[in-house]
Amino acid sequence: MKPRTTSGALAALCLASALTACGIDNTGPLHAGAPASGLPAPGGHPAAAVHVFFSSPLGLERVSRPYRGPDTLQAAMDRLVAGPDPAERSRGLISFIPPGTPAPAAVTREPNLADVYVPPHWTTNPTALRQLVCTTADAVALSGGTRPQEARIRLHRPEGGKSNTQTCTSP
């Protein structure tokens with residue numbers, strides 16, 4: 001074979017293998033379903049979920065719960081005290097909030113400030129309180145268009161207890 005013929009054949013072989021190497025047929029565009037949803041655009045519609053924080057061996061982890069409604073903050077409180085669902089428990093998530101604990105009442109005062117009224121006899125466990133603060137901060141941020149780290153959470157203790165302001169730092 002002449003060098004010129006060999007080069008041409010080699011080039012054709014390389015081109016053919018490059019075009020078939022990935023094994024993906026030319027199928028064209030396919031319909032993939034509805035676009036992703038969740039966080040609203042500023043001034044947009046309510047979110048399709050609220051987020052709650054549960055504990056894992058790696059620290060607090062944020063999980064989503066479906067919800068469409070007017071009061072995402074109180075919805076987050078209700079879902080937090082409900083604890084992890086079976087699938088979340090199978091992933092190792094737990095709550096330091098005892099079962100049957102009533103949900104705190106929570107109200108947003110400003111775009112990045114919420115007041116949380118802790119029911120009597122609520123746990124003082126530090127991890128449970130972080131779950132509460134981070135869940136509240138996430139809900140405040142979701143409804144106010146801010147970041148959870150910027151939300152300030154005022155915890156009000158019952159029966160003359162001292163109130164204090166906290167933030168959610170790196171769950």
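The values are calculated or read from the model by the stated rules, or taken from the named source; none is laboratory data. What you see is a predicted model, and the numbers here were worked out from it, not measured in a lab. Every residue, glycine as well, gets a Cβ built from its backbone with ideal geometry; the counts of neighbours run over all protein chains shown. Note: areas computed on protein heavy atoms with side chains; ligands, DNA, RNA excluded. Shrake-Rupley method; radii C 1.70, N 1.55, O 1.52, S 1.80 Å.
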Per residue Cα convex hull volume in Å³ - calculated over the range 49-171: 96
Nitroxide proxy distance, nm - points 7 Å out along Cα→Cβ at residue 65 and residue 89: 1.5
Extension gain, residue 113 back to residue 147 (0.36 nm per residue minus Cα-Cα distance, nm): 11.1 nm
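Keeping the other protein chains in place, figure out the carbon and sulfur percent of the accessible area of the range 74-171, with a 1.4 Å probe.
Values: 2550 of 4900 Å².
Its accessible area is 52 percent carbon and sulfur atoms.
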Amide H within-cut-off set for residue 152, under 5 Å, with H built and near neighbours excluded: 113, 114
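What does the accessible area per residue of the range 98-142 come to in Å², with a 1.4 Å probe and no ligands, DNA or RNA counted? Walk me through the numbers before you get to the answer.
On the way: 1810 Å² over 45 residues.
Averaged over the residues of the range 98-142, the accessible area is 40 Å².
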Hz values of 3J(HN,Hα) by residue in the range 149-155 - Karplus curve (6.51, -1.76, 1.60), Gly and Pro given as x: 5, 8, 6, 9, 10, 8, 8
